[in-house]
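Down below is the structure, laid out as structure tokens.
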Amino acid sequence: MPSVNDILTTMEYGPSPEATGEVSAWLKARGRFGLLIDGAMTAPGPGFATQNPATGETLAEATQATAADVAAAVAAARAAAPGWAALSGHERAKWLYAIARNLQKREAFFRVLEVLDTGKPIRETRDIDLPLAIRHFYHHAGWAELSTDDFPGHAPLGTVGAIIPWNFPLLMLAWKVAPALAAGNTVVLKPAEETPLTALAFAEMCLELGLPPGVLNIVTGDGTTGAALATSAVDKIAFTGSTEVGRSLRQATAGSGKALTLELGGKSPFLVFADADLDAAIEGVVAAVWTNQGQICSAGSRIFVAETVAERFTDKLIARFDKLRLGDPLDKGTDIGAVISPAQRDRIQSLVARGVAAGARLVHSSAPLPAQGSFVAPGLLLEAQPTNPCMIEEIFGPIATLATFRTPSEAVELANASRYGLAASIWSENVTLAQDVAAKLVAGTVWINSHTLFDAAAPFGGMRESGFGREGGREGLRAYLRPAATPALTEAPAPDFNAAPCPEPAQPQAIDRTAKLYIGGAQKRPDGGQSWRVTHQGREIGLAPLGGRKDIRNAVEAAHKAAGWSKMTGHARAQVLYFLAENLSLRAAEFEARLAETGHDPAEVAQTIRLAFRAAALADKIAGEVIQTKPQMLTLTRPEPWGVLGIACANRQPLLGLAALVLPAIAAGNRVVAIPAMVQPLVAADFAQVLDTSDVPGGVVNLICGPRDDLAKVLAQHDDVAALWYAGTPEGAARVERDSAANLKATWCPTGRDWAAQDLRETLTQATQTKTIWVPYGM
Ligand code: NDP
């Protein structure tokens, strides 16, 4: 034992292990766990062992839920759904409040159990996992109370299937269960195979509280259990996990009508500018790279430092990670615990070895690794090129790359050079620079002079292949609600292009009206020169272009060039839209006649004019919030346009259906490539003329007539189209969702809508994605 003198000389920490008595007794008493189905735990079935990653010791056995178990859990949740939804918000709030209070009472138990099951240090479960999980239930008790007032005309989705990973087991449970229950849904939750224990303890707690049977069901198991849940009769899948599984869930749920939110992987940049407080940024790396041994989707695993301070920063960082204490996760002095499993440790090591083989230099902590358990030394990969696998793939371990940049624009370029877009942090004392960079980064969350901060009120979720949908706050709750249904319209049949092909050169003299494609503000012939005759009741109305893949590509390119539109103020866009509304009014009679000649209701014109004025009115009112999160923290949400948005219209309401999608999309700052209704493409050509005369910059709206579903497929597969709206048939919607799985494009499929009854604000909500920006303040 060291003497007091020794301790004062070395200032070494003494051991400070957390007691495990209560948790060990609970594990011993249970031994094997069943499933929570319909208000009772089932008898344990054949299953799997769950281990302590820090020791390899088996903690308990959990049941492998079969497809039949999943079906029973879903049936229980469905049976309980009407009763739970019928409770008043106040009644549901009381349940959520009871859960929050009881978690709080058992906080010490849960934080130890989480350490044993995950291998993460107790400091983290004490300071991050438990407080945040409890906060989620409190926050959503509030939303249960308020949701009827705050979301008028909305209803719960029904039953939610929640699939969660192993890195924050209880917290991820809270992220999904709290908003789902608050909004009036019932839940079937599948925890990760590696970490079922806190979910099972949570199940016991809910049983003790007397939560109505079926409201929450928990099925443990591996990926096959998750896959069975994804294809079951739930109304929504809420998933957090790998991009690969997220993609398979997009495919599995395509066309099923299930709502889907995906919170996937990331490769978050950590940008250190020359004027940053370097010591603060070093502590930022500790949070960004070493929280939970780097096993966090928002890990700041790509560090970019301004060249002028890079050497100083790197030296400080290496000195800092040598001071990180690695070892027993139960010790309150431990910074770095175990990674989740030997398989994960091997995966990290093999990726890092590939990174080194590709030219990076690994510098890692010299602290000895414990003899047993799955531990990885924290480290840095220096001199990695942008093509190094460690710069591209998720490491999901306590190792980050470090590279340099020269100018802020180079920093932005490097940061955005990733298929992911989950989070980012910016370290600079210059508020103008930090805000400018925050606006330019493609990331769902941007932390300024901070990293790895979360709160139940702050929306969190990704852009690009980091997924879609947000969890947390008002927006997170909205993802568990559906707007009141409007009367559904059946889609009109598409014209048969093959029955009336008209290869160029046609005989335009025989037809008095010839429409063209509208690309980059100019009328264009289709690339293949094909046209088709528009007919109504056997009468020829005109000649329409038949756009193809190349035309869509040209239109996307034109839309990208029109990026200035997204940077304009809402006020500037509103003026253009008011002018457009006015010009539509001036040509109302002409549009009415055009619609009448194909048997469409001329009343659409007045509805479209009204919609155009409303879109103009709303263009400068699209606003985020300042939300309450942590002390001394300004947390802002910024609705940002997607960028280039694809739109495929229904074959009904040819004018209104086009305007109802295009105008809110551009009001929010998007540039669009739209496929107008095929039944009356000439009205789209007239609409293009109005765009031209209304100062809508070329490329902001591109109109490609042609076989909608074929063209929608090109849009779905196009990597430079950020999101896709499809209003055609349910079968077409299913194809669009499937075709969008490869690049994880966000889709919205409002099929069967009567655009005269559509709430424009709902469309506007779909037209943006939220960026959450955290800015600390204080002297
Ligand atoms: P997965 O995506 O495989 O697991 C997440 C959840 O999905 C688990 O509950 C898992 O079950 C379940 N699951 C697996 N396959 C399917 C399927 N086909 N259908 C439905 N559900 C399924 O992540 P891993 O645990 O395998 O981790 C792999 C990598 O993913 C990590 O190294 C990391 O890069 C990334 N990841 C990202 C996370 C994030 O927060 N964004 C979290 C965790 C991992 P089970 O675990 O029982 O197999």
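The values are calculated or read from the model by the stated rules, or taken from the named source; none is laboratory data. All values derive from a computational prediction rather than experimental measurement. Virtual Cβ from ideal backbone geometry, glycine too; neighbours counted across all protein chains shown. These area figures cover heavy atoms from the full protein model, side chains too; ligands, DNA and RNA do not enter into them. Shrake-Rupley method; radii C 1.70, N 1.55, O 1.52, S 1.80 Å.
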Count the DSSP beta bridges whose two residues both fall in segment 269-461, then state the antiparallel fraction as a percent rounded to the nearest 5. 15
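Can you put K323, K621 in order of accessible area, largest first, using a 1.4 Å probe?
Ranked list, largest accessible area first: K323, K621.
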For segment 338-360 and segment 90-130, write down the distance between their C-alpha centroids in whole Å. 31
Work out the length of the dipole vector of the chain about its Cα centre, built from +1 on the beta-carbon of each Lys and Arg and -1 on the beta-carbon of each Asp and Glu, and round it to the nearest 20 debye. 720
Signed unit charges on C-beta, dipole axis of the chain, positive-most listed residue G294, P196, S88: S88
Keeping all protein chains in the complex and leaving out DNA, RNA and ligands, what accessible area do you get for C649 with a 1.4 Å probe, in Å² to the nearest 10? 0
Go through G778, A555, L586 and say which Cα lies farthest out towards the positive end of the charge dipole of the chain; charges sit on Cβ, +1 for Lys and Arg, -1 for Asp and Glu. L586
About its Cα centre, what dipole magnitude does segment 668-779 give when the only charges are +1 on Lys and Arg Cβ and -1 on Asp and Glu Cβ, stated in debye to the nearest 20? 280
Kindly provide the pair-distance distribution of segment 269-461 built from C-alpha pairs, with 5 Å bins from 0 and whole-percent values in order of increasing distance. 1, 8, 17, 22, 21, 16, 9, 4, 1, 0
How big is the dipole moment of segment 269-461 about its Cα centre under a simple scheme where the beta carbon of each Lys and Arg is +1, that of each Asp and Glu is -1, and everything else is neutral? Debye, nearest 20, please. 480
Convert each backbone phi in segment 182-189 into a coupling constant with the Karplus relation 6.51 cos²θ - 1.76 cosθ + 1.60 (shift: θ = phi - 60°), then list the ³J(HN,Hα) values in order as whole Hz, x for Gly and Pro. 4, 6, x, 9, 9, 9, 10, 10
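So what is the 222 nm mean residue ellipticity for the chain from helices alone, if each DSSP H run of at least 4 adds -39500 (n - 2.57) and you divide by all residues, rounding to the nearest 500 deg cm²/dmol?
Using -39500 (n - 2.57) per qualifying helix, the result is -12500 deg cm²/dmol.
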Please list, in order along segment 391-398, the HN-Hα scalar couplings obtained from phi with the Karplus expression 6.51 cos²θ - 1.76 cosθ + 1.60 (θ = phi - 60°), rounded to whole Hz, x for Gly and Pro. 8, 10, 8, 5, 7, 6, x, x
Residues of segment 46-65 with amide nitrogen under 19 Å from the 7 Å Cα-to-Cβ point of R325? 54-55
Between rounded, prolate and oblate, where does segment 106-250 land on the alpha carbon gyration tensor, with a ≥ b ≥ c its root eigenvalues, rounded for a/c under 1.5, else prolate if a/b exceeds b/c? oblate
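Among the listed pairs K267/K771; K516/K550; K190/K258; K516/K713, give every one whose C-alpha distance is greater than 19 Å.
In this structure, K516/K713 exceed 19 Å between Cα atoms.
How big is the C-alpha Rg of the chain next to the rule-of-thumb value 2.2 N^0.38 Å, as a ratio?
Working it through for the chain, the quotient is 1.01.
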Could you tally the net charge around W725, taking each other residue with its Cβ under 13 Å from the Cβ of W725, Lys/Arg +1 and Asp/Glu -1? +1
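Let me check something: with ligands and nucleic acids excluded, how do Y138, Y97, Y420, Y13 order by accessible area (1.4 Å probe), largest to smallest?
The residues order as Y13, Y97, Y138, Y420, largest area first.
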The local net charge around V412, scoring Lys/Arg +1 and Asp/Glu -1 for residues other than V412 whose Cβ lies under 11 Å from its Cβ, equals -2
Net charge of Cβ neighbours under 14 Å - reference A734; Lys, Arg +1; Asp, Glu -1: 0
Cross-link pairs K323/K745; K332/K440; K176/K440; K316/K745 - those with Cα-Cα distance over 32 Å: K323/K745; K332/K440; K316/K745
Using a 1.4 angstrom probe and counting only protein chains, how large is the accessible area of H718 in Å², to 10? 20
Classified through the alpha carbon gyration tensor (a ≥ b ≥ c as square roots of its eigenvalues; rounded if a/c is under 1.5, else prolate when a/b is larger than b/c, else oblate), segment 538-591 comes out oblate
Treating the angle as unsigned and between 0 and 90°, give the value, to the nearest 10°, between the Cα long axis of helix 730-739 and the longest Cα principal axis of the chain. 50
For segment 555-570, in order, what is each residue's ³J(HN,Hα) by Karplus, 6.51 cos²θ - 1.76 cosθ + 1.60 with θ = phi - 60°, in whole Hz (x at glycine and Pro)? 5, 5, 4, 5, 5, 5, 5, 8, 4, x, 4, 6, 8, 5, 6, x
